[in-house]
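Shown next, in C-alpha cells, is the structure this report addresses.
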Amino acid sequence: MKIDVIGCGSAFSQRNNTSSIRIIDSQQNQWLIDCGPTVPRAIWQRDIGVNDIQVIYFTHIHPDHSSGLAALINQWKSFQRTEPLTIFCQAEQRKPLEALVALAVWPETEVCFEIHWQDIHDVFEWKHWQIRTANTQHEMANRAIRIEIDQQTVFFSGDGRPTAASQALMLGADIAFQECASFDALPADSSHGDFPDCERLLAQTSVKALGIYHCFDAAIPSLLDAVRHTPNLFVSQDGLVVDLDDDNYVQHTLDSTSVGSIPMGSASTEKG
C-alpha cells in the first residue's frame, strides 16, 4: 500500500494544500480521501489519469474537505472520463455534494460517467479492502477512517479531536494521520486536535508512525521542533509518499519529513 499526501494544510493555510491523501494498493486501486479547493490542481500536477481514482471518501463536507469536488468532476468531464466513480459520504451530507457535481457540469445535467453514491457505515468492505469508521469530536459530523489492505493499515482522522471510538481505529496501525491544529493544548470541548493529545495517542495506540496534519500555519514551527524529539511522530508534508511495502518505511518517512522544509513566512490566525 502507498499513501500519497496530496495536502496536509488547515482550512486557510497559506503554505500547504488542504488536507487530502490518496491510497493506492498493489493492484493500482485508488481512493482519494477528501477533496478541498486546492486538491484538484495537486492531482493534475501529479498527472494522475482521469480514470485512475475509483473512489472519493469524504470524512465530512466542510469546504476545505469537499469544495474541490466541482473542479475535479469538471476536469474529468472535460477530459472524457469513462470509468464509474464511487463517492462515500454520510447520508445527511450527500445533498451538498450532489450540488457540487451539478455545478461541475452546469448548464448540462448529465455527467459523462456513472457516479455511485454510497453511505458510510461503521464497518464495510470495498473489493479486498477492510474499512472501519468512527466519529471524531467536531462541529460537523466527521468520520475518521481505518483501511486495512493485505494486513497493512492506515488511519486518517479527517477533522476533530479524537474520541474513544476514533482512537480505537488507530490501534496498531502501520501509519496514522491525526489532525493537530494547535501546538498548545486546546479546551476539552474543542473541535480540533492538539499536540499534547497526539503525544498521548502515540503512546496509547501502538501506531508505528503518527503524522500530524491540518496544523494552523502559526503552529508549524513549534510542531516541527517538537517532533524532532519524539520518536515515530512527524509533521506531514504535501507530496510525502509512504510505501508500506518498504521494510524501513517508518525511518524513511521520518527522514523525509525531518528537514523542516515548509516555508516559514508570516501566518494569520486561523479558526477553521
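Percent of accessible area on the chain owned by carbon and sulfur, 1.4 Å probe? Solvent-exposed carbon and sulfur of the chain make up 49 percent of the total. Across region 181-223, no residue has a backbone nitrogen under 15 Å from the label position 7 Å along the beta-carbon direction of ALA164. Residue-wise HN-Hα couplings along region 90-105, as the Karplus relation 6.51 cos²θ - 1.76 cosθ + 1.60 with θ = phi - 60° gives them from phi, are 6, 3, 6, 9, 6, 4, x, 5, 4, 5, 5, 5, 4, 4, 4, 10 Hz; Gly and Pro carry x. An oblate overall shape is assigned to region 98-201, the ratio a/c of its alpha-carbon gyration tensor axes (a ≥ b ≥ c) being 1.5 or greater and a/b not exceeding b/c. Compute the angle between helix 195-205 and the longest alpha-carbon principal axis of the chain, please, reported from 0 to 90 degrees and rounded to the nearest 10. For 195-205 against the chain, the angle is about 90 degrees.
Taking every DSSP helix (H) stretch of at least 4 residues in the chain, weighting each as -39,500 (n - 2.57) and dividing the sum by the residue count yields a mean residue ellipticity at 222 nm of -6500 deg cm²/dmol. Compared with the dominant principal axis of the Cα atoms in the chain, helix 69-78 is inclined by about 40°. Computed log10 I(q)/I(0) for the chain at 0.12, 0.17 Å⁻¹: -0.68, -1.41, from the Debye equation with unit scatterers placed on every C-alpha and solvent omitted.
Once backbone amide H atoms are built at 1.01 Å from N, LEU85 has GLU114, ILE115, HIS116 as its partners under 5 Å, excluding neighbours fewer than 5 places away on the same chain.
What does the C-alpha gyration tensor say about the overall shape of region 1-146? Classify as rounded when a/c is under 1.5, otherwise prolate if a/b is larger than b/c, or oblate. In terms of gyration-tensor shape, rounded.
Can you tell which of ILE120, ILE48, ILE61 shows the greatest fluctuation in a Gaussian network model of the chain with Cα springs below 10 Å? Judging by the Gaussian network model, the answer is ILE48.
Note on GLN204 and VAL105: with the Förster distance fixed at 30 Å, the Cβ-Cβ geometry gives a FRET efficiency of about 0.05. Looking at the chain, the accessible area is 43 square angstrom per residue; that uses a 1.4 Å probe and ignores ligands, DNA and RNA.
The values are calculated or read from the model by the stated rules, or taken from the named source; none is laboratory data. Quick caveat: nothing in here was measured; it's all calculated off a predicted structure. So basically every Cβ, Gly included, is an ideal-geometry build from the backbone, and we count neighbours across all protein chains shown. The protein model used for the area step is the full one, side chains on, heavy atoms only, and it has no ligands, DNA or RNA in it. Shrake-Rupley method; radii C 1.70, N 1.55, O 1.52, S 1.80 Å.
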